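The values are calculated or read from the model by the stated rules, or taken from the named source; none is laboratory data. All values derive from a computational prediction rather than experimental measurement. Positions of Cβ are backbone-derived with ideal geometry, glycine not excepted, and every protein chain shown enters the neighbour counts. These area figures cover heavy atoms from the full protein model, side chains too; ligands, DNA and RNA do not enter into them. Shrake-Rupley method; radii C 1.70, N 1.55, O 1.52, S 1.80 Å.
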Amino acid sequence: MTQTIPGPDGLPRCTWCQSAPEFFDYHDSEWGYPVGDDQRLFEKICLESFQSGLSWRTILAKRENFRAAFAGFDFNRMAEFDAGDVERLLGDKGIVRHRGKIEAVINNAARAQELVAEKGSIAAHVWSFEPDPTSLPEPQTASTSPESHALSKDLRKRGWRFVGPTTVYALMQAMGLINDHATGCVMREKAASKRKSFTKPT
């Protein structure tokens, strides 16, 4: 059985958000709610790529710095970044200065443009990998799934980088493709309601 803890208002929350006070707002207002906006999805893919090997707390604390450094994660603008931008970003103390990850998300911006040209939107393609809710394990007991492996494989085949199955599963959790709020978490019902009213992109 997944566990919950009391939040600032005394209501139960998923245990993962207990490690830092700033997690509660992110958990309550963003995490697990369905997203169909291409720019938000692309931002999350980028941030999850930067998070690889690090804590989400580190990335969340730097999120506004990342947004400023990467043109608000507008993939059309990022696709125009060049070697000079890579050096600029490597000198930016407000973000994670990892050359491989920086070059990967710039590469992924161009791949995002290609995906939109082929499929119409990033969202339509990502949501086509939505898992069957009846096939999901108990909340917060998995870090990958057959669907995250499939989407990871698909993106890598298309030339995307730093999009392994664990990174993709985290994307699915955060962007509402699955409702992974713990059983008993006060936000699980809210996420379920938002999923029910969400119009899936096609």
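Tabulated values for the structure
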read-out: Accessible area of the chain belonging to carbon and sulfur atoms, whole % at 1.4 Å probe; value: 50
read-out: Of Phe129, Phe162, Phe50, the one that fluctuates the most in a GNM where the chain has Cα springs shorter than 10 Å; value: Phe129
read-out: Near-label residues of the stretch 32-57 by backbone N, under 11 Å of a point 7 Å along Cα→Cβ of Lys190; value: 32-33
read-out: Aspartates and glutamates with Cα under 15 Å of Lys93, excluding same-chain neighbours fewer than 8 positions away; value: Glu64, Asp85
read-out: Cα gyration tensor shape of the stretch 8-82, rounded if a/c is under 1.5, else prolate or oblate by comparing a/b with b/c; value: prolate
read-out: Extension reserve of the Gln18-Arg158 stretch, reckoned as 0.36 nm per residue once the Cα distance is removed; value: 46.7 nm
read-out: Formal net charge of residues neighbouring Pro133 (Cβ-Cβ distance under 12 Å; K, R +1; D, E -1); value: -2
read-out: Whole-number accessible area per residue in Å² for the chain, which is evaluated in the context of all protein chains at 1.4 Å; value: 47
read-out: For Asp154, net neighbour charge (Lys/Arg +1, Asp/Glu -1) across residues whose Cβ lies under 15 Å away; value: +3
read-out: Point-charge dipole on Cβ atoms (K/R +1, D/E -1) for the chain, about Cα centre, debye to 20; value: 240
read-out: Cα shape, the chain, gyration tensor, a/c 1.5 rule; value: oblate
read-out: Top of His98, His181, His27 by mean-square fluctuation, Gaussian network on the chain, Cα under 10 Å; value: His98
read-out: Additional length obtainable on full extension of the chain from Thr134 to Ala117, 0.36 nm per residue less Cα span; value: 2.9 nm
read-out: Extension gain from Ile5 to Thr58, taking 0.36 nm per residue of separation minus the Cα-Cα distance; value: 16.9 nm
read-out: Violating pairs (Cα-Cα greater than 22 angstrom) within the set Lys44/Lys157; Lys62/Lys157; Lys44/Lys119; Lys101/Lys157; value: Lys62/Lys157
read-out: Value of D in µm² per second that Stokes-Einstein yields for the stretch 121-202, Kirkwood Rh from Cα pairs, at 37 °C (0.692 mPa s); value: 247
read-out: Summed residue charge, Cβ within 13 Å of Ala83's Cβ, Lys/Arg positive, Asp/Glu negative; value: -3
